[in-house]
1. Could you check segment B:139-176 and list, in sequence order, the residues that are touching a strand residue (DSSP E or B) at 6+ places or on another chain (Cβ under 8 Å), closer than 12 Å to A:G64 by Cβ and of a type outside the set (A, V, I, L, M, F, W, C)?
2. Every residue in segment B:26-59 that is at pLDDT below 95, closer than 16 Å to B:V134 by Cβ and among the small types (G, A, S), please.
3. Identify, please: which residue in segment D:164-174 is within 7 Å of another protein chain (Cβ to nearest Cβ) and assigned to a helix (DSSP H, G or I) and is, among those, surrounded by the fewest Cβ atoms within 10 Å (Cβ to Cβ)?
4. Tell me which residues, restricted to segment C:6-23, are assigned to a loop (DSSP other than H, G, I, E, B) and touching a strand residue (DSSP E or B) at 6+ places or on another chain (Cβ under 9 Å).
5. Looking at A:V18 and the list (1) within 14 Å of chain B (Cβ to nearest Cβ); (2) in contact with an Asp or Glu (Cβ under 7 Å, 6 or more places away or on another chain); (3) at pLDDT 95 or above, which single condition is not satisfied?
6. I need every pair where a residue in segment C:115-130 that is closer than 15 Å to C:I204 by Cα and touching a residue at least 24 places away in the same chain (Cβ under 8 Å) has its Cβ under 7 Å from the Cβ of a residue that is in a loop (DSSP other than H, G, I, E, B) and of a type in the set (A, V, I, L, M, F, W, C), sequence separation at least 6 or different chains.
7. Filtering segment C:30-59 down to residues that are farther than 12 Å from C:E72 by Cα and of a type in the set (A, V, I, L, M, F, W, C), which residue is nearest to the other protein chains (Cβ to nearest Cβ)?
8. Just the residues that are at the interface with chain B (Cβ under 7 Å from one of its Cβ atoms) and either crowded, with 23+ Cβ neighbours inside 10 Å or in contact with a helix residue (DSSP H, G or I) (Cβ under 8 Å, 6 or more places away or on another chain) (or both), please, taken from segment D:134-163.
4 protein chains.
Amino acid sequence: MDELDIEAVAEAELDDPVLVEGLPGVGHVGKLAAEHLLDELDGTLVRRVYSEHFPPQVEVGDEGVAELTSAEFHAVETEGRDLLVLTGDNQAQSNEGHYRLTDAFLDVAEDFDVSEVYALGGVPTGELIEEYDVLGAATGEALVDALEELDVEFREDEPAGGIVGVSGLLLGLGERRGVDAACLMGETSGYLVDPKSAQAVLEILQDQLDFEVDFADLEDRAEEMEEVIGKIQEMEQQQQPNVPSDDDLRYIG
Amino acid sequence: MDELDIEAVAEAELDDPVLVEGLPGVGHVGKLAAEHLLDELDGTLVRRVYSEHFPPQVEVGDEGVAELTSAEFHAVETEGRDLLVLTGDNQAQSNEGHYRLTDAFLDVAEDFDVSEVYALGGVPTGELIEEYDVLGAATGEALVDALEELDVEFREDEPAGGIVGVSGLLLGLGERRGVDAACLMGETSGYLVDPKSAQAVLEILQDQLDFEVDFADLEDRAEEMEEVIGKIQEMEQQQQPNVPSDDDLRYIG
Amino acid sequence: MDELDIEAVAEAELDDPVLVEGLPGVGHVGKLAAEHLLDELDGTLVRRVYSEHFPPQVEVGDEGVAELTSAEFHAVETEGRDLLVLTGDNQAQSNEGHYRLTDAFLDVAEDFDVSEVYALGGVPTGELIEEYDVLGAATGEALVDALEELDVEFREDEPAGGIVGVSGLLLGLGERRGVDAACLMGETSGYLVDPKSAQAVLEILQDQLDFEVDFADLEDRAEEMEEVIGKIQEMEQQQQPNVPSDDDLRYIG
Amino acid sequence: MDELDIEAVAEAELDDPVLVEGLPGVGHVGKLAAEHLLDELDGTLVRRVYSEHFPPQVEVGDEGVAELTSAEFHAVETEGRDLLVLTGDNQAQSNEGHYRLTDAFLDVAEDFDVSEVYALGGVPTGELIEEYDVLGAATGEALVDALEELDVEFREDEPAGGIVGVSGLLLGLGERRGVDAACLMGETSGYLVDPKSAQAVLEILQDQLDFEVDFADLEDRAEEMEEVIGKIQEMEQQQQPNVPSDDDLRYIG
């Protein structure tokens, strides 16, 4: 295997598609969102990217069949813009890996004549969220303006420390290639897998790209999460009589 | 030295051999199993793989003679399928190293016309084992079915987190080359070097490949381990009057 | 993107310029000093260096527009020697990265016919500073002598452990290319962003290179820092009746 | 700069020389020994090896002049075998770096027609040493036998875990090139810079190579170390009335 290996699984005719990325990250917001798109819309697996920058790992499916870890691109047709959805179980494991994988992802996007990129993710707030705002960043002012009209928030110096990993580099390396790109970051506590934050991000995305998905499944998962949280809070109250603060919650999902 | 250096120590005529890998890992199950094969069956050292992805280290033998750390392939003829046994004292020390070494191991296997790979290892359960089940994963359903008939267990989503290191990649990269591969993982506490788990794995392997080895030596080592555990438990009971739980055991061997 | 990518943003005619480097480091002394030069003197952004040795990160500006992290060179004309000022938000993240980026920085310097390099930084003392001495090191005795006359201190075996990172390598790799280079290190506690130390370093630099900048802004920032320190000390005195030592101060800025 | 850069500083005519390596390590035994050779015998600096596998660092000399960190080879003529002495302030910072630097060191040795290598170092015992034994390992039995006659100890399975770093690889990679090599490891507590252990190693080396050095300076350093230890023990007895065990000593030197 080479450092990077792009496997052409199938071809697809997409009409002026956008790349939508949802790899693992804070609150699994991006990954939940991308996977929800694939669950709700009919998609075709078109490319797999293998790389020695991923962990040396296979995932074992239900039938006991193992598959080398990879990032996957699915072609998805919608009633609005067509989508090329990038998801997977791992991020790169080194700085160089992040740069090189993102470059490979943009190569795949170019193959499908993608002209716009949406990187989905979460931004940690450190406390449980009441209203799920979506924070944005983009490669240019036109995209900032368009998203601002959809109530995406652009706040001075946020996220502090910039955007790291593939989501950040899709903007950074995308801009250098002349590809418009935006990052949509759902606010999330940072302690929990957060389906509600994923839904908030997807609601923006469907407004921007003119398609519609059903959210019943994400809402079910959000309810399950709330039950889990409720039980944990109960257990903690029994153990210690004081009401637990949000800080007591540990990362679960 | 290059990044990878395959030394041809000897040649051997093997008849449709399978690769059996047992490098260090959980409970040293794979390494114990592979070394037991070499102890019991007549083998010939045929290849050594040196690599800068191994630790920068020499091992010192009984006579004071130092040898550069390497992975070794022994050719072993059995009354059933012939074996190419891969063992060694170290795993790669980086992600890239795991990928590149596994690729080199598969190159060696190809040289010997290997068409099937068995990666041996342990899977940690966190508690002392009463019945030594063997968990499996494979590159295809045919191999899964064959192993299932020998009582290898294939459980949904296990091992959680997939299979990492060379054992995992032999399946992942093997499948990409069109080589059938299976991983046999003996359940083990994860705290102890576990000869019983190694025996359980080898019992499956000999059924699958139609050869037989004597287990007296592994059984002796298992008894020694049990004496060690007994003494530790005794010492701990003297120090603290409560009966120690399994969790008190530290990794020894 | 390649491992290193030097973007030519603009050209500039500089007369026998010197390179002035101020990347992040102890007390942010070098970065504060370089940025103050750019704030006070008219400069033109001439080169950006992108690299996979930087973190995989974009910085988000006030308008929500993201930029790939880079090191930037500004051309600055002064009434004395012209300057090529190197600054940025990140250092390399690995040993190799430090070597390769510094080599790239020296390539850029060569493009602009730079014959002398000044690396600016801080040296931690572990205690609050009363008098801001500037410690020096250089590639040759002539430069040592010239700086010693401007009251730069050259002390046996200081800084202990040598000078690490880009500042050190500008001297080490610069000398190997035949470029004269000096490092000016302002003493600083190491706990605080230190505008006073940056000013001390710049005062030496302007004497050496015959230009002048106004320090009002740096003095304002120093005053702000002192107010912050004062408040922290006050809070700590309220919490614990004993007078806090300097050691209680945490790194802030 | 390339990954590795061998600078030819001077040439020297050596008669059938041996390479003697003393880079930093346990108790600084190897480095003390190699530097003592250079202090006592007339040597000429012949090669410097620079590498991005060293830390990104310059060392600052007494005059304030900075030098890029490197490994240095000195040619030394003795009344016995001539020596090529390798020393420096740093080891490589990664596995790959250890392999590549050792390969470069052996290239330099080959340039000078070195046919035998002695790697000097310390082996930690965890307690203060009364009698300074020297442990050995070598690439072949002839060298083991020769050193055994000089009272070098060769013990089964020692040092446990093998020999790591450049010292180990000089044997491992040397053997693969057909160069005879031995490692001489002075026993040392592991907590202290240990001139006595360095002397024990050098006494073996001079017997083996038929030269003589004066040890007065090393003995002086050993006495200084003992005074330091004595003061620390005194301070600790004042602080806590119980007699301190050897374990209380921290690594100093």
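1. If the condition is that a residue be touching a strand residue (DSSP E or B) at 6+ places or on another chain (Cβ under 8 Å), closer than 12 Å to A:G64 by Cβ and of a type outside the set (A, V, I, L, M, F, W, C), then B:T139, B:G140, B:E141, B:E148, B:E153, B:R155, B:D157, B:E158, B:P159 are the ones that fit.
2. Answer for segment B:26-59, where residues must be at pLDDT below 95, closer than 16 Å to B:V134 by Cβ and among the small types (G, A, S): just B:G27.
3. Only one residue tops the list, namely D:G165.
4. C:V9, C:A10, C:E11, C:A12, C:E13, C:L14, C:D16, C:P17, C:L23
5. For A:V18, the failing item is (1).
6. Listed pairs, sorted by first residue: C:V117/C:V179.
7. Per the stated criteria, the residue is C:V58.
8. D:G136, D:A137, D:A138, D:T139, D:G140, D:F154, D:G162, D:I163
The values are calculated or read from the model by the stated rules, or taken from the named source; none is laboratory data. Treat the numbers as computed from the prediction; the structure is a model and nothing was measured. Glycine gets a Cβ as well: all are built from the backbone with ideal geometry, and neighbour counts include every protein chain shown.
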